Structures are given as C-alpha cells and as structure tokens.
Amino acid sequence: MNPLTITAREAATGPVIEIAGDLDYDTAPELRKVVDGLTGAAGRLLVLDLAGLRFCDSSGINALLSARNLTIEQGGHIALAAVPANTARILGIVGLDQVFTIHPDAATATATSSAAR
C-alpha cells in the first residue's frame, strides 16, 4: 500500500492538485476534503495531476467524479493530467475518458486555452 499524498498549488489557470500514492476507499475522502476546501471561481481550471498515482479503485474514480461535479457547479472547468495507463484504461472502459479532459502532463493542462476545455 502506498500512502496518499495530496499537494495543492496555484497556476495561472487555477488550482493544480497533485495526487500521489493510492486513491482508494480509505483515502478518497481526503481528496474530497481538499477539493471541497478550494475557493471556486467561474472560469477557473482545476487540474488533477495524477503523475504519482499508483492505484485507483472505484472509490477513487468516484472522488474524481465528485471533484468534477463540484467544479462544474461552481462554474469552473476540470482536467486530468498525467493519468497512469492502468487508470486511463479504466476511465476508457467506463466512458469517463469522454467526460474528463485529459492532458499528458500538468504543464500542458495549465497552458491550454479555455477554448480547448
């Protein structure tokens, strides 16, 4: 088991949350708490940087969806960055690759214009 580490930082486009370790039933509430604590602003982009993600179960996927829903309710946009192959496969199987904007890395996500969101 890899402990979950969540680090938030600001980019010009909005917050970037770096998620490392295991995002599962035990740790998904930690991500929800961090996202709930963000100050929403219309038009801002929330990037979830998954470069350090080692494992993601259905609870983790649900936490990603909750982050998306909250961000959209607040008038913002969301993108996933550096999605590991195993998680990308799951997102594709359940069709969530059509729901989330996915970028190869956080730098690309934060450099993308709002038209591409």
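Laboratory data are not the source of any read-out in this text; all were calculated from the coordinates shown. Not measured: the values here are computed from a predicted model.
Applied to the range 89-100, the Karplus parametrisation 6.51 cos²θ - 1.76 cosθ + 1.60 on θ = phi - 60° returns per-residue 3J(HN,Hα) values of 4, 5, 4, x, 4, 8, x, 6, 5, 8, 9, 9 Hz, with x for Gly and Pro. Cα extents for the chain along the principal axes, largest to smallest and rounded to whole angstrom: 36, 27, 23.
Of 107, 67, 85, the residue with the greatest mean-square motion in the GNM of the chain, using alpha carbon springs below 10 Å, is 85. Computed from Cα atoms, the angle from the helix 58-73 axis to the main principal axis of the chain rounds to 10 degrees. The helix-based estimate of mean residue ellipticity at 222 nm for the chain, built from -39,500 (n - 2.57) per DSSP H run of four or more residues and divided by its residue count, is -10000 deg cm²/dmol to the nearest 500.
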